[in-house]
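What follows draws every value from the coordinates through simple rules; no lab data is involved. Everything numeric here is computed off the predicted structure, so don't read it as measured data. Because the Cβ atoms are built from the backbone with ideal geometry, glycine has one as well, and the counts that use them run over all protein chains shown.
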Amino acid sequence: MTELLIRNGFVYDPLNGIEGEKADISIRDGKVAESVGAGATVIDATGMMVMPGGVDIHSHIAGSKVNAGRILRPEDHEKDVERHTPITRAGTGHSIPSTFTTGYRYARLGYTTVFEPATPLLKTRHTHDELNDTPIVDKGCFPLFGNDWHSMEYLQQGRIEECAAYIAWMLRATKGYAIKLVNPGGVEAWKRGRYLVGLEDRVPNFDITPREIVRGICKANQLLHLPHTIHVHTNDLAKIGNYQTTIDTMDSVRGLGGDNKPVIHITHVQFTGRTGSAWHNVGSGAPEIADYVNKHDHVTVDMGQIVFMDTTTMTADGGFQYMLYQLSGNKWMNFDVEVETGAGIVPYRYRRNNYVNAIQWGIGLELALLIKDPWRVYMTTDHPNGGDFTKYPKIISWLMSRKAREKSIARINSIARNKLDLPDIDREYTFSEIAVVTRAGTAKALGLKQKGHLGVGADADVAVYNLNPTKIDPSRDYRLVRKALKKAAFTVKDGRIVVKNGEIVETPMGRTYWVDSQVSEGLMGKVESEMRRTFTEYYTVQMDNYAMDDSELGRSSRVSVKAEV
Amino acid sequence: MKEITLTLKRELHLPVEAGEISPDKFREKSIGEIEGIKIWEGNRQVALADIFKVSENSGGSGDEVTIRVVGNAAKVRKIGYRTSSGSIIVDGNAGMYVGEEMSGGSILVTGDTGSWLGTKMKGGQIEVKGNAGDYVGAGYRGTTLGMKGGTILVHGNAGQEVGCWMTDGTIRIKGNTGLMPGIHMHKGTIWIEGDCEGRAGGQMRGGKVIICGKTPTVLPSFAFEEIREKVKIGEEKIQGPFYVFSGDMNENGKGKLSVNAPNNPQLKWCEKYVEA
Amino acid sequence: MMILSKKIIPNVICTFCGATCDDLQVTVENGKVLNVRSGCSTSLSKFVNYNVERYLTPLVKKDGELHETSYEDAIARSAEILANAKYPILYGWSSTSNEASRAGLELAEWVGGVIDNTTTVCHGPTLLGVHDIGEVSASLGEIRHRADLVIYWGSNPVHSHPHHVMRYSALSKGRFRLSRKDRTMVVVDVRKTDTAKLADQFIQIEPNGDYELMCALRMAVRGDDLEQDVIAGVPAERIEELADLMISCQFGVIFFGVGLTMTQGRHRNIDVALSLVRDLNARTKFLIMPMRGWYNVAGANQVSAWVTGYPYAVDLSQGYPRYNPGDTTAVDVLARGDCDAALVVASDPVSNFPVEVSRHLAKIPVITIDPHPSATTLISEVVFPTTIVGIETGGGIYRMDGVAIVTKPVVSPPPGLHSDVEILQDILTHVKKLKMGQ
Amino acid sequence: MKVTLLSGRSLGQAKGKVTGKFTEEYLRNVAVCELDPEDLKSLGIALGQNVKVTTKTGSVVVRAAVASQAARRGVVFMPYGPWVNMVIPSETYGTGMPSLKGIEAEVTAAPNEKLLDLRSLVGHMARG
């Protein structure tokens, strides 16, 4: 029985309504407890800020596409290395850190849970191979649906329950946590060298539209009682004025939820928040999108904020990546995955003085500042697409300080500066709101009841930052905030101190969460035998070699739910 | 003015990485401090004095530093790493990565050097009396930024891919080169006084490659432009005549490839494209 | 796991070539493999003969001869050799499991060595090309379902990947391409190989002419005229015909082999091939894929890349990963005589490396972990016999197109033999003790 | 006779490899040089007799055979293995990859010279 006491810090625990009051956090056997004995190890957090460990809802840290990015870019790793120590493994950054390095760097930021948001079903075993080598943090992944032949066929035939059962089988086979949709229908089209536009185009060979796919899978998601909503990268990412598609996608599932609870998460909205008809007149669609989100509570979003740096863009949206290759002339990787999806990778440098990049930078921040309810907008960079996750403190300082924003606004492309609403926005996030958009809100959206808060029984994942909220004014002293958040004074994972003064002191293996949704045996039996027939026709791998065994996960954590069908 | 001499004490079997051998690193240091500088021999860190006898023969004034390396340093890498001023004279052979990222000053090697001579060089001068290896004035893997400035002069031969991804500066090889000088180059000049094994300028976007000796063929993606009596490099005029090609057309390249005509009769075919 | 009496095991994964067919039916009787169905002739030989020529105990060299020794002694000697080495090389990794590579990479960190896999002498140049250009590719099922033009270039799958053409390309049955007649097959090679005999068109190219031919093809695809009449032994008109064929297909693919990576120009042949395919995507859908040789060479690259950032040739001598093929690659490190000890896992460098390289190996202490005696075990200081992945031991592997699958044992190994992973972990544990002791 | 030497995989070599490297089958399949029938004639030796293959790196004695696929005058093929390695240069030109194909070589008749088995070949190699 190990006990830990985090004494006398300023605690931010929004889920339990605690907003910076001084409090002690007692920890026993990896969980937050009522109290601990005198023998407990003590962390003196006097004058420091205490928050639940960070929970990242969308960060590309593992899998075939991420590793292809690593292989594509030795020049990205050369200047950013982690040395071997008796405690830690060697590795490299920069925008696509190696797996061990990824775990260490998240822990240093005070993050303890990360979700890989796009993994081809056929290649999810690869994703888990890498997650098994990603230490400290708890993790999980979102397999890709919506361009897979099985889903499209079931939905086209209107067999929604069978579709749900098939998805349940796939989540179990791939040890996935939630359903990810990327450019539904559009990737199948791209794999034949074509683009779909909007939600009404029909997918070649499958006689179904993106709208029908999104609605159908959203229903299936509910039938399966999955902890997270569908997680959607909308259509038209490659289109210049794509904000309307984003709003249409949100609206396509309005009313499916009923009890005004979220039924769809739109990810990295910044990338699909553009107005305009050509690159020279691109503008921000953030006000329109924020207005929709403010008026409808069935939607959550994350920012996909960009940071001005050289990074590596990667998505399952092969068509978009091809467009980005044509725009940039940089090296380009494309990898289509049989029956299911695609992928593309292009290195890209976001430049302050580039008009479009400056607008993109503004869209992300406008969204976070114009959406009133922090519980429905989360901080991400869509790592590494908008920039790598170690830049989070910078983004937090932009959210908390108008002054920090003005400093950056002064340096961006002047035409963009005049076009954006951002300069006129006064809102500054509070520490509580930061805790929501980086932890509490994301944990809630993911349905992780034991995460994102410090109530009794919660997982003892805690971040302690050397920052005194009563002494500093984040609006003015945003640099201090940035500095303190870069290197946690302490990070506690499952009750063990893993980071001290920004250095790794222990590297336990985190859990891998996956969802096992129990559908009726009759239905599952029927769907399984149908799949046996199609599987060898569709795939180049045998069905029995395709499904993963629980034992392949480093530390499996099965989340069992009872499906409606 | 201070001159430091590093004399090899023993034969080397392991790769030695001594990027610290640079006037910038020595300028402020006493002999004792220089002797104590840590360098890598294989996977162990050793003091400079474990491998070199360090002596100073200071004369004159000014803070210009000259480093003289004596002995067969063929296994010593990164000599002159990030040098910005002063000079280095290697009396004998040097290993790989000589003058990596140097921005000023000068390096003279009287013997041969290993590959990646002047990697990512930004400025200054490198002169090699003997031969150089492959990838003279290149960068590391995956980068699109090779040598950015300065000049490299090799009196002997150079290996393959001279000036790979070169973005500026001048490379002059008095002897022969291997395949693909100027591969992917964007800007700058590569002057080969001897022969070239072939594929000169492959995938180049800009810059100049001049071959005074023989080369088996010119790539099909280069378009014959004209016959010129002389080509100009800075102030120098090189006597031809030359067949002048532009390319690499596959990269919409605006590069110029000049090949000595008399030495390459097999290229006579392009004369049929000369407008009478 | 002792299997008595006869039984047929379905869906067995073949651990020979990079195609890793996963539909073998292996008949096992009294713990012996009797027969293999639906595999190629090579997989049959592999499964039926896996047990001939094996050492059954570890060996160490005493006065020039290998003598049997205990497992513990062999582990201790290996750990000492590696811990004391000042620039060891750890080589092999493509004919074993991902788990073995993971253990090997951690060992390389602790002993400050260079770790390289056999990619270095097959598709290393392919990766160098990818670093410069990128790659337009797919999983093999995409080819099977959609490709109407299949080109094998410098590759002879009938010999190197016997079931590739049938399972994944020209002869396979796909959703949108039902049969051979829906596809055009072209072979480009320096000689009319047995694969060429299956093709609709064969283009014979002069040895070492690939770069020039690719260059000319890019020109033709762009619609530029070729000024030279014959390029790499191929007439200009023929090149223009091929370019038209590529542009006019709906979905094309180039499978290329070591005929491109091992010839003059090496990675630049790949560089220009990748560029050609990239260019083609402005006109139609076109992909390119290397024909990876060993069954888990792709896995060795994947594991190395996620652990270090680099797919092969990683130098950890200074405590962090560094990468520069040509410097940090096995052949160069050995040819320069830089390294002072070697660990060889599931490979036979003496049978695969040029003579000067093997000569240096013969001079330094070599530890070999391999199921079978080989030219390399002959010159080794320590030899660990080990169990065979995919037959006697399970383990994760990556198919040539990066699809991860998990092999399972079909028979039990000879008593007393350890797996690659166990041996490597035991050496690692011992090395850690020695290093922490220092 | 001046030739271009290609080395590569072959079914025989692959099978020999998996059946054991000290077997007759491996020796038969790998210690071999495949020539065009015409070239074989002009060397004036019969099938199965030995030839000596020489490059700037060294030389090796192997059995002569008629090209199983794609005979072409002036081009000879040897399967990957310890024998061909005796004549392969180690120069990689900064790429990590030695030249395994398209090597300039000389082939001469050597009916009376001994073909070394794997064990003796490796011993010979190690002694230098």
The aspartates and glutamates whose Cα lies under 14 Å from the Cα of C:Lys181, excluding any fewer than 8 residues away in the same chain, are C:Asp148, C:Asp200
Taking r as the C-beta separation of A:Lys471 and D:Glu38 and R0 as 60 Å, the FRET efficiency to the nearest 0.05 is 0.05
Under the 7 Å Cα-to-Cβ spin-label approximation, A:Leu256 and A:Ser557 lie apart by a distance in nanometres of 2.7 nm
For the range B:188-203, Karplus-derived ³J(HN,Hα) couplings (6.51, -1.76, 1.60; θ = phi - 60°; whole Hz; x for glycine and proline) come out as x, 9, 10, 10, 9, 7, x, 8, 10, 4, x, 6, 4, x, x, 6
Counting lysine pairs in the range D:2-127 that sit 8 or more positions apart or on different chains, with Cα atoms under 22 Å apart, gives 15
Over the range C:124-290, the quotient of the Cα radius of gyration and 2.2 N^0.38 Å is 0.95
Bridge orientation stat for chain D from DSSP, antiparallel percent rounded to 5, came to 60 percent
In whole Hz, the Karplus estimates of ³J(HN,Hα) for the range C:95-100 (6.51, -1.76, 1.60; θ = phi - 60°; x where Gly or Pro) are 10, 8, 7, 4, 4, 5
Taking every C-alpha to C-alpha distance in chain A and binning by 10 Å from 0, the per-bin percentages run 4, 19, 30, 28, 15, 4, 0
Of the listed links A:Lys407/A:Lys483; A:Lys175/A:Lys526; B:Lys268/C:Lys192; B:Lys208/B:Lys237; A:Lys79/B:Lys148, those spanning more than 25 angstrom between alpha carbons are B:Lys268/C:Lys192
Treating only Lys and Arg (+1) and Asp and Glu (-1) as charged, each at its beta carbon, one finds that the protein assembly as shown has a dipole about its Cα centre, in Debye to the nearest 20, of 540 debye
Farthest towards the positive end of the dipole of the range C:258-368, among C:Pro290, C:Val307, C:Val277 and with Cβ unit charges of +1 on Lys and Arg and -1 on Asp and Glu, lies the Cα of C:Val277
When C:Phe202, A:Phe142 are ranked with the fewest other C-beta atoms within 10 Å first, the list becomes C:Phe202, A:Phe142
With Cα coordinates, the longest principal axis of chain C makes an angle with the long axis of helix C:297-308, in degrees rounded to 10, of 70 degrees
Residue-ordered couplings for the range A:500-508, obtained by feeding phi - 60° into the Karplus form 6.51 cos²θ - 1.76 cosθ + 1.60 and rounding to whole Hz (Gly and Pro as x), are 10, 6, x, 10, 6, 10, 7, 10, x
Burial-style ranking of C:8-16, A:105-113, D:96-104, A:403-411, average other-beta-carbon count within 10 Å with highest first, yields A:105-113, D:96-104, C:8-16, A:403-411
Taking every DSSP bridge whose two residues both lie in the protein assembly as shown, the antiparallel percent to the nearest 5 is 45 percent
Exposure-ranked with fewest Cβ neighbours within 10 Å first, A:Ile25, C:Ile391 stand as C:Ile391, A:Ile25
Cα-only Rg/Rh for the range C:1-136 with Kirkwood Rh rounds to 1.05
Projected onto their principal axes, the Cα atoms of the range C:60-126 stretch, largest extent first, over whole-Å spans of 42, 23, 22
Rh_Kirkwood(chain B) over Cα pairs, Å, one decimal, evaluates to 19.3 Å
The range A:324-385: spread of alpha-carbon positions along the three principal axes, whole Å, largest first, is 41, 35, 14
Exposure-ranked with fewest Cβ neighbours within 10 Å first, C:Ile133, A:Ile27, C:Ile397, A:Ile160 stand as A:Ile160, C:Ile133, A:Ile27, C:Ile397
PRE zone check, label point 7 Å out along Cα-to-Cβ of A:Ser529, amide N under 20 Å, scope the range A:155-187, hits A:159-170
In debye to the nearest 20, the charge dipole size for chain C, taken about the Cα centre with +1 at each Lys and Arg Cβ and -1 at each Asp and Glu Cβ, equals 1340 debye
Sorting D:Ala126, B:Ile37, C:Gly390 by the position of each Cα along the dipole of the protein assembly as shown (Lys, Arg +1; Asp, Glu -1; all at Cβ), the one nearest the positive end of that ordering is B:Ile37
Shielding of C:326-338 by other chains, given as the mean Cβ count within 10 Å, works out to 6
Over its alpha-carbon atoms, the range B:1-130 yields an Rg and a Dmax in Å of 13.2, 39
Distance in nm between C:Glu53 and B:Asn263 label points, each 7 Å along Cα→Cβ, equals 5.1 nm
One would report the Cα pair-distance distribution of the range D:2-127, bin width 5 Å, in %, as 2, 12, 22, 25, 22, 13, 5, 1, 0
Amide H proximity to A:Ala458 below 5 Å, modelled H, separation 5+ or other chain, gives A:Val32
Per principal axis, largest first, the Cα atoms of the range D:38-93 extend in Å by 35, 21, 18
Using eta = 0.692 mPa s and T = 37 °C, Stokes-Einstein with Kirkwood Rh from Cα pairs puts D for the range B:143-184, in µm² s⁻¹, at 317 µm²/s
Under 5 Å from the placed amide H of A:His225, counting only residues 5+ away or on other chains, we find A:Glu564
For the range A:4-63, the convex hull over Cα atoms projects on average to an area in nm² of 5.7 nm²
Each label sits 7 Å from Cα toward the beta-carbon; between C:His67 and D:Gln49 the label points are separated, in nm, by 4.8 nm
Under 5 Å from the placed amide H of A:Ile179, counting only residues 5+ away or on other chains, we find A:His231
With C:Trp306 itself left out, Lys, Arg at +1 and Asp, Glu at -1 over residues whose Cβ is under 9 Å from its Cβ give -2
The Rg/Rh figure for the range C:358-407, Cα atoms and Kirkwood Rh, to two decimals is 1.14
Taking Cα atoms only, Rg over Rh for chain C with Rh from the Kirkwood formula is 1.00
With a Förster distance of 41 angstrom and the Cβ-Cβ distance between C:Asn84 and B:Ser55, calculated FRET efficiency to the nearest 0.05 equals 0.80
Against the 2.2 N^0.38 Å rule of thumb, the C-alpha Rg of the range B:115-273 sits at a ratio of 0.93
Taking every C-alpha to C-alpha distance in the protein assembly as shown and binning by 10 Å from 0, the per-bin percentages run 2, 8, 16, 21, 22, 17, 10, 4, 1, 0, 0
Over the range B:106-170, the quotient of the Cα radius of gyration and 2.2 N^0.38 Å is 0.98
The correct pair for the range A:506-561, radius of gyration to one decimal and Dmax as a whole number, both in Å and from Cα atoms, is 15.2, 49
Between the residues C:Phe202, C:Leu316, C:Gly265, the Cα farthest towards the positive end of the dipole of chain C, that dipole coming from +1 and -1 charges on the beta-carbon of Lys, Arg, Asp and Glu, is from C:Phe202
